[in-house]
1. Using a simple spin-label model with points 7 Å from Cα along the Cα→Cβ vector, what separation in nm is obtained for Arg121 and Lys239?
2. How many lysine pairs in the range 245-306, separated by 8 or more positions in sequence or lying on different chains, have Cα atoms less than 17 Å apart?
3. If each DSSP helix of 4+ residues adds -39,500 (n - 2.57) and the sum is divided by the residues in the chain, what number results at 222 nm, nearest 500 deg cm²/dmol?
4. If amide H atoms are built 1.01 Å from N in the plane of the peptide, which residues on other chains or at least 5 residues away come under 5 Å of the amide H of Ile193?
5. For a Förster distance of 22 Å, can you work out the FRET efficiency between the beta-carbons of Lys32 and Arg270, rounded to the nearest 0.05?
6. Please enumerate, by chain and number, the aspartates and glutamates with C-alpha under 17 Å from the C-alpha of Lys95, excluding those fewer than 8 residues away in the same chain.
7. Reachable aspartates and glutamates from Lys19, Cα under 20 Å, same-chain residues fewer than 8 places away excluded?
8. Once R0 is set to 25 Å, what does the formula 1/(1 + (r/R0)^6) return for the Cβ-Cβ distance between Leu277 and Leu92, expressed as a FRET efficiency to the nearest 0.05?
Amino acid sequence: MQNLKKLKGDASHRKFFRKKYNDFNSIVILAKKDKFKNLLVYDAISKILNKNKILAPKLYKENYKNNYIEVEDFGNETIFKVLQNRKNKKILYFKDIIKLLNQIQSIKDKKIRNFKNKYYRIPEYTNKILIKEANLFCDWYVKKNLSKNKRQNFNKNFKKIIKTLVSQLKMKNDIFVHRDFHISNLMLINNKIGVIDSQDALIGNKAYDLASLVDDVRLKTSKIIKKKIFNFYLNSQKKIDKKKIKNDFEILSILRNLKIIGIFTRLAIRDKKKNYLKLIPYTWDLISLRINQNEIFLDLKKITKR
């Protein structure tokens, strides 16, 4: 006998179902919207990860015509759930996550055949994309929270500041970037860590996934733990320019979290997913933490009043 049980969704337009067939489980991902990215690219990136000995859901069956794929079931044990248990020593898990991040960042493959037997090449995380993402803050959060008169001036200044910050990034775009490398997308499977939700992967800056992990809006961690995770990463690198990575880490953390505030506001307004709004105050805390560490953020600090 087989049956389908609907699972809790995420911030995307996808729907997830657990399929049980006798003693065998799988996950059915249904995506009518953005199905190229949510089905075809999702599997292509998972293939690249698996090829590099990183646990990602393997494809069992595809029915692209009917908007779904069936993939390996990694269970329910996210690292987020594990770390919410206070008995667990957070820092030990982060050591393993940094090892996994290093493994991901050593991936050289940039293209792979998808299940339609066509090559998918991972695009570059260009400055243009970074700027467009940060501007989601204006498109949604500012639009909702500032009057029309104030908005125009704010947006003009904000966009100018963001362009300047992006131009101050020092490191190359030559690293596999998961782009949502946070503990809700990391699964514990038989004491190993697997990766899900990889369809947005790009070739970009080494500091981006590190910023996603350290300054994760979903889990509150102390400044001490944040510093320890950052230092784990630095100590795991043979050759790294500490000034450059610190510079890029701080810029990308702020840009990412401004984008997140925009996305969470959009989810509430457009998609009626209001549960993400409760994460915005902590997202602001993370921006404030980084904004006060470097004088390159002075202009941004002034206009956001952080």
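1. Distance between the two pseudo-spin positions: 2.7 nm.
2. Working: Lys259/Lys273; Lys259/Lys274; Lys259/Lys278; Lys259/Lys301.
Lysine pairs meeting the criterion: 4.
3. -13000 deg cm²/dmol
4. It is none; the list stays empty.
5. Efficiency at R0 = 22 Å is approximately 0.85.
6. Those aspartates and glutamates meeting the cut-off are Asp209, Asp215, Asp216.
7. Partners within reach: Asp10, Asp43, Glu62, Glu70, Glu72, Asp73, Glu77, Asp197.
8. 0.20
Readers should treat all values here as calculations from the given coordinates under stated rules, not as data from a laboratory. Model, not experiment: these values are computed from the prediction. All Cβ positions, even for glycine, are placed from backbone atoms using ideal geometry, and neighbour counts span all protein chains on display.
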